[in-house]
Structures are given as structure tokens and as C-alpha cells.
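A.B. asks: Once you've had a glance at the structure underneath, I'll fire off some questions.
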Number of protein chains: 2
Amino acid sequence: MEEVVEAAPSPMPTLDPHVEAELRRGVLTLVTLTLLDQPRYGYDLVRLLSQAGFEVEEGTLYPILRRLEQQGTLTSTWDTAGARPRKYYRISEEGLRLRDDLATAWRRVRDATDAALEGGTP
Amino acid sequence: MEEVVEAAPSPMPTLDPHVEAELRRGVLTLVTLTLLDQPRYGYDLVRLLSQAGFEVEEGTLYPILRRLEQQGTLTSTWDTAGARPRKYYRISEEGLRLRDDLATAWRRVRDATDAALEGGTP
């Protein structure tokens, strides 16, 4: 490199508070599917995800559940016995295959990321 | 649960081919920052990311580089010595802090995901 022209540095450095949320979102579908071997309703999932370290709003989870149901990877049933009807979700056969595929993809991305971080300065 | 009403199953199960891309996108900023301890130009980064297992289009990488530069976590310099001017990117002091934060967030999400996968059927 010769004749290097310095670009003006940006005046306002900020650390993006959403990056960890972005990281979590990528695995949320997989973690949600791991919780659905038994029927669970929405708020139950929110609570279990939170316990597992995935703090998530119902407004974030429900579109994921809807998408999975449209894909046929979840089935849902209404329980109308209680004071309020509740929609229960459960993983389907198709969902079990998706979960396996996602888990494989996860391990690949995890290992590649860990290797890149260990690599550090070349 | 009593009086369960079955919801109609979706007729078209599909496995989303974009989920692994979604997983990768979440860590792309972090992996990119690990490559910028020395000045590198865009296409060089695309090549190194691909070698590291992060196949990425220039059209995906450049907006990330722009955002990081606007945040002040990268600096850039133009090398005008060659046949074509090339923009080189390098991590800034602020970027080193972001990289540390992202690496911490990554380990947290990674461990939570691995634990959820191991947990399996409760």
C-alpha cells in the first residue's frame, strides 16, 4: 500500500445493544422446537425460553409459532376446558426432521464461529 | 386437557433453506471483526469469510461494513497506488471493545443453546 488517504473517522461510536438479541434470534426457532416434544401453550413457552436464557416477548414468539405451524412443523390444539381457551403447540413429524436439520446447522455455525474467534490475529 | 379440538394440519410442509443463513448472519459481524486486525479490502474479506465457513455475498457484507464504519468501530483508508483504488478496512479501538462484547454475548448464546439442545425432552 502506498499513497494511503485516511478517511475521516466517524464522530459517534456506539455499541449496538441489539447484537445479542440478533444472535439469540438466529437460534430461537431451534430452541423453541426443543421445548415442544410435549404440548405447551404460548405463555408457557415464553416462561421456559426465559429460564433457558432466551428472554423473548410474546410478540416475537407468536410469529415464529405461526410460521412453523404454516410449514407443518408444529400442530396445534385448542383446550377449551379452562376458563379461557388455550392453544397448545406440539412438534410434528416434519418438525422433528426440521429440528435435526437445524441442530446440524447450529453445530456447523457454532464450530466455525469458535474456530474464527480462536484464530484471532492471523 | 379435555375437550380438545384438533386444528387442521397445514398441507405444505417445507424445510426453510434460509435457517442456516439466518444462524450465520447473527455471528457475521463478530467473525468479520476478528479478521480486521490488519487492513483488508472487501473482496479479501469475502474470501476469508468463505474459507472460515461463512459463505457471504458482497451485497451482504458491504452494508455490515458501512454500519460498522458509521459506528466508528472500523476505520477505512483508500489505497490509490494500484490500477483501481481499493478501500481498506481495519478495526478501531472502539471496535476492539465491541468485539469483546460480541464475543461475550456469543459465548452466552452458544452455551444457552447447547444446554437447551442437551436438555431435550423434559
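A.B. asks: Going 7 Å from Cα along the Cα-Cβ axis for the label, what nanometre distances separate residue B:78 from the same residue across the other copies?
C.D. replies: Copy-to-copy label distances at residue B:78, shortest first: 6.4 nm.
A.B. asks: Using 10 Å bins from zero, what percent of all Cα-Cα pairs in the stretch A:23-109 falls into each bin?
C.D. replies: 17, 52, 28, 4, 0
A.B. asks: OK, next. So which residue of A has the beta-carbon closest to the axis that swings A onto B, and how many whole Å away?
C.D. replies: Nearest Cβ to that rotation axis, in whole Å: A:26, 2.
A.B. asks: Same structure, new question: Using only the alpha carbon atoms of the stretch B:58-108, find the Kirkwood hydrodynamic radius as the inverse mean reciprocal pair distance, in angstroms to one decimal. Please list the in-between numbers first.
C.D. replies: Numbers: mean 1/r = 0.0819 Å⁻¹.
The Cα-based Kirkwood calculation yields 12.2 Å.
A.B. asks: Using each residue's phi in the stretch B:78-87, evaluate 6.51 cos²θ - 1.76 cosθ + 1.60 at θ = phi - 60° and report the 3J(HN,Hα) Karplus result to the nearest Hz, with x for Gly and Pro.
C.D. replies: Rounded to whole hertz, the list is 9, 9, 9, 6, x, 4, 10, x, 10, 8.
A.B. asks: Need one value for B:50-59: mean number of C-beta atoms belonging to other chains within 10 Å of its residues' C-beta atoms.
C.D. replies: That average works out to 2.
A.B. asks: How many Cβ atoms of partner chains, on average, are near each residue of B:105-115 if near means within 10 Å of its Cβ?
C.D. replies: Shielding by partners across B:105-115 averages 6.
A.B. asks: Tell me the relative contact order for the stretch A:23-109 as a rounded percent, counting alpha carbon contacts under 8 Å between residues six or more apart. Intermediate results must be reported in sequence, preceding the final value.
C.D. replies: Values: 87 pairs, mean separation 27.5, N = 87.
That works out to 32 percent.
A.B. asks: With a 10 Å radius around each residue's Cβ, average the other Cβ atoms per peptide and rank A:85-96, A:20-31, highest first.
C.D. replies: A:20-31, A:85-96
A.B. asks: Can you list the copy-to-copy distances for residue B:47, using a point 7 angstrom from Cα toward Cβ, in nanometres, shortest first?
C.D. replies: Nearest first, the other copies' label points are 5.5 nm away.
Where a number appears in this text, it was derived from the coordinates with a stated rule and is not lab data. Predicted model, so just to flag it, every value in this text is computed and none were measured. All Cβ positions, glycine included, derive from the backbone under ideal geometry; neighbour counts span all protein chains shown.
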